[in-house]
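Heads up: the structure comes next, in structure tokens.
We did not get these values from a lab; they are worked out from the coordinates using the rules stated. Note that the structure is a prediction, hence the values are computed from the model and not measured. FYI the Cβ positions are ideal-geometry reconstructions off the backbone, even for glycines, and counts take in every protein chain you see.
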Amino acid sequence: MEFVLGIFGVAIGAAIQFGFNIWQQELKNRDKKALDEKRRRLLKEALDHPPKGTEWRKLTTLCGLIGAEPNETTRLLIELGARGSETNNGTWALLSDKPLGKIST
């Protein structure tokens, strides 16, 4: 009987730990999604209002603007519907403003 109660206790403890881990992971995912959304809004604003005299934004500027590494910034830009320039390496614009096939600097 004690053996069965011991197994039962271990099973309950494992279930509680499993539930806690899932809850903790959900909180992390929610925080990351909220941060990504804030970053996408900043990127959209920056791409909608490029500096005078240019229609493109530098990746280094966009990284600094949202506080992210280039890989993370690039992922968010693509999710946002942006693309890199075909002739101006390291610069980005919204695909709706600069469709592919129209090479422009």
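Remarks
- Subset of segment 66-95 that is charged (D, E, K, R) and not in a helix (DSSP H, G or I) - its residue that is nearest to Lys44 (Cα to Cα): Arg83
- Residue within segment 47-54 that is of a type in the set (Gly, Ala, Ser) and either touching a strand residue (DSSP E or B) at 6+ places or on another chain (Cβ under 6 Å) or touching a residue at least 24 places away in the same chain (Cβ under 8 Å) (or both) present: no
- Residue match in segment 48-65 (condition: surrounded by 12 or more Cβ atoms within 10 Å (Cβ to Cβ) and part of a strand (DSSP E or B)): yes
- Subset of segment 61-105 that is among the hydroxyl-bearing types (Ser, Thr, Tyr) and more than 16 Å from the chain's Cα centre (by Cα) - its residue that is nearest to Asp36 (Cα to Cα): Thr61
- Subset of segment 53-87 (residues that are within 16 Å of Leu100 (Cα to Cα) and basic (Lys, Arg)): Arg83
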